[in-house]
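Student: Submitted below is the structure of interest, expressed as structure tokens.
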Amino acid sequence: MTVRFVMIGGFLGAGKTTTVSRLARLYQSQGKRVGVVTNDQAHDLVDTNTLRAQGLAVEEVPGACFCCRFDDLVGRVGALQTADRPDVILAEPVGSCTDLVATVIQPLKDLYAGRFEVAPYAVLFKPSHGIRILKNQSAGGFSPKAAYIFKKQLEEADAIVINRIDELDPPRAEELSRLVAEHFPGTPVLRASATTGAGFEALAELLDQRGGFGRKLLDIDYDTYAEGEAELGWLNATARLHGAAPFDLDALLTAVLGELADACRALGGEVAHLKLIGMDDAGAFAVGNVISSDTAPKLSLPSGLKPREAELIVNARVAIDPTVLEAEVKRVVAAQAARAGVTAEFRTSQSLRPGRPVPTHRYTEAK
């Protein structure tokens, strides 16, 4: 049985998880069975827990990006096929990875042609960092090496999707569309909002197309790519929250995000993405995000919960030393929890800088 493989790319904080969630619901409304594969440099991923909490069948490839864990990707898809027999696989790669056409799409099309039908590769454009990076503004927050990854992600796309248009006024959206078209001529540019669903009919229509897609092989400098990734501090941590009385989970997540973003700014570290999920013991949950140093904390999925006990997962991607990032996360969570009359007991914590990408396969000619 051939399964449709749909990979949604984009930089950290571009809105990939929300896009995958909305696409999953769209495909399910069409009577299709859906499986999801998430990806991260470490374990305890907010995205995986968020999607599973929405009732989706999810497998995770941790420890490196899909390109370096290609066999694991195929294996996780196989597990979904055995258990759930999906018609569509939605795959969300690590937001700091690029060169995915040469290292994921081409190998799937060549080595597993009878098993996978690969959709056009859509890459989400993140406005909060993208406009500054494409304008080469020094206030872009990231070094030129990290900005290099952002641009390369867009360069290999079959289509570029300007996401979060609900957060942009019409002149800003027009400016972004022109800017993207100037930098990537010949690549279709769509506008969408994964939050509201605006533009998703056009995105789904694009992803349903067949033909000569997934053929844009990059001319890429892996030294620059590796150094750009290594500038990002990476932290995944889990904590158990104990309240002496019921506490406002949404308010606690918002406070943690706000203080943590302030702390990162004070340390001179640009925020790529901060994500939190809080879950009570019944499985209800809240999700909060900060997607850049100059954007406010946002509860993308508020819960209205007032539990006594909850699980907290923190995923932080910030351009500072990961050991400093880990210390700040633990300090901020403990301080904000204490203000809410809550004790935070950290159970796991993994901080790192991504290592040099070593793809399992890399195609230099498109099949």
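Student: Does any residue of segment 267-279 turn out to be at pLDDT 95 or above, farther than 24 Å from PRO127 by Cα and either outside the structural domain of ALA338 (by TED's automatic domain parsing) or in contact with a strand residue (DSSP E or B) (Cβ under 9 Å, 6 or more places away or on another chain) (or both)?
Tutor: Yes, segment 267-279 has at least one match.
Student: Of all the residues that make up segment 166-187, how many are in a loop (DSSP other than H, G, I, E, B) and touching a Pro at 6+ places or on another chain (Cβ under 9 Å)?
Tutor: Of the residues in segment 166-187, 1 are in a loop (DSSP other than H, G, I, E, B) and touching a Pro at 6+ places or on another chain (Cβ under 9 Å).
Student: Here's something else I'd like to know. With the condition kept exactly as written, say whether any residue in segment 86-108 is outside any loop (DSSP other than H, G, I, E, B), surrounded by fewer than 19 Cβ atoms within 10 Å (Cβ to Cβ) and not assigned by TED's automatic domain parsing to the domain that holds VAL314.
Tutor: Within segment 86-108, not a single residue is outside any loop (DSSP other than H, G, I, E, B), surrounded by fewer than 19 Cβ atoms within 10 Å (Cβ to Cβ) and not assigned by TED's automatic domain parsing to the domain that holds VAL314.
Student: While we're looking at this one, here's another question. Just checking: which of the strands (runs of 3 or more DSSP E) contained wholly in segment 114-162 hold 2 or more residues that are surrounded by 20 or more Cβ atoms within 10 Å (Cβ to Cβ) and touching an Asp or Glu at 6+ places or on another chain (Cβ under 9 Å)?
Tutor: So the answer is 122-125.
Student: Restricting segment 199-237 to residues that are in a strand (DSSP E or B) and not aliphatic (A, V, I, L, M), which is nearest to LYS330 (Cα to Cα)?
Tutor: The extreme case among them is ASN236.
A quick yes/no check of all residues on (1) assigned by TED's automatic domain parsing to the domain that holds VAL94; (2) surrounded by fewer than 17 Cβ atoms within 10 Å (Cβ to Cβ); (3) over 15 Å from ALA122 (Cα atoms):
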residue: GLU175; (1), (2), (3): yes, yes, yes
residue: ALA192; (1), (2), (3): yes, no, no
residue: ALA204; (1), (2), (3): yes, yes, no
residue: GLN209; (1), (2), (3): yes, yes, no
residue: TYR222; (1), (2), (3): yes, yes, yes
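Student: Being among the hydrophobic types (A, V, I, L, M, F, W, C), closer than 23 Å to VAL104 by Cα and either modelled with pLDDT of 95 or more or over 19 Å from the mean Cα position of the chain (by Cα) (or both): is that true of ALA159 here?
Tutor: So ALA159 fits the description; yes.
Student: Looking at (1) touching a Phe, Trp or Tyr at 6+ places or on another chain (Cβ under 7 Å); (2) over 19 Å from VAL161 (Cβ atoms); (3) buried (at least 24 other Cβ atoms within 10 Å of the Cβ); (4) in contact (Cβ under 8 Å) with a residue 60 or more places away in the chain, which is the only condition VAL3 fails?
Tutor: (3)
Student: Considering only residues that are of a type in the set (Ser, Thr, Tyr), without any contact (Cβ under 8 Å) to a residue 60 or more places away in the chain and assigned to a helix (DSSP H, G or I), look in segment 29-85 and name the one that is surrounded by the most Cβ atoms within 10 Å (Cβ to Cβ).
Tutor: THR48
The values are calculated or read from the model by the stated rules, or taken from the named source; none is laboratory data. This one's a predicted model, so the numbers in the text were calculated from it and none came from an experiment. Reconstructed Cβ throughout: ideal geometry from the backbone, glycine too, with neighbour counts over all protein chains shown.
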